[in-house]
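Notes follow the structure.
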Amino acid sequence: MSATAIEQDQRVASADDVLVTVLVPAYNEAGAIAATVERIRAAFDASPFSAIEILVVDDASTDGTGDRARAAATVISHPVNLGQGAAIKTGIGRARGSHIALIDGDGSYPAEDLPKLVHLALEAGYEQVIGDRQSEAGSLAPLRAVVKRMLRWFAAFLSGQAVGDLNSGMRVVEREAALRYAPLLPDGFSNSTTLTLATLSHRGRIAFVPIAYSRREGKSKFRPIGDTYNMVLAIVRMVVYVDPLRVLLPPAVLLVLLGVAKASADAARYDWHITASAVLLVMTGVQIAVLALIADLIVRRTR
């Protein structure tokens, strides 16, 4: 969904009568969506937060997911499958609550903990409160755990901040922040990683709350190679978008240092004759550094 469409939906929907919008993106989750909606409803009925709406964005499911959710939630249907990120952007544009609670429709996340995340976001004024999964229970769990640990380290290195569960599908986000970041979200699974990095990169207040994680209903849509690549790309793209020096300057300095070391070795070995490879290393590092400075200037001028 474009930024213009989101702004139009924002004008149509008033947040005066709804405190929390629970947004559930779903694609072929007929086996779990009804129970997930019921758990969400029961969790908020037992909490102080009664002014809620539940939006299920059915991303062109072929198994009747939308029909199963329609009895207990407002269902928005995509005519064609666009991806989880696109479903979330559609929901953000239609949400009426001052805060948006995101949760997957596969039954793997503890819907009972959503009011706790909402309370923390409201009480402490966090821009995002994210459910930090303490284990992996899906398919390829060992591989997913290793990939997630590597991504956390990589994101922490690039953002310069402590990072919890980057791609958790359960979180509470201020609606204003969600609308601001929505144009940055990709249509695929890396949207959650982008949303986390957006707040971290903009120095927004963020909290990670430990949650349990269960085996999902149905077949996992996780693609080990493609989704991991997309998440790495999302991390790099988001940090470059906000702080390009943090990404581009280290390799530039490394190349210059390698070039200087190579030139010194050449000088000692070839009687002060500097080889073309040493010059190439230094010049490449200088060019990347100049590009990093230009990118940083553009970011600061347009922020």
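The values are calculated or read from the model by the stated rules, or taken from the named source; none is laboratory data. This structure is a prediction, so every number in the text was calculated from the model and none was measured. Methodologically, a virtual Cβ is constructed for each residue, glycine included, from the backbone with ideal geometry; neighbour enumeration extends over all protein chains shown.
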Over the stretch 160-175, the set of residues out of contact with any strand residue (DSSP E or B) (no Cβ under 7 Å at 6 or more places or on another chain) and free of Cβ contacts under 8 Å to residues at least 60 places away in the same chain is Gln161, Ala162, Val163
Listed by range, strands (runs of 3 or more DSSP E) wholly within the stretch 44-114 having at least 2 residues that are crowded, with 21+ Cβ neighbours inside 10 Å are 52-58, 99-102
Scanning the stretch 271-288 for residues that are over 27 Å from Leu245 (Cα atoms) and either assigned to a helix (DSSP H, G or I) or not aromatic (Phe, Trp, Tyr) (or both), the one modelled with the lowest pLDDT turns out to be Asp271
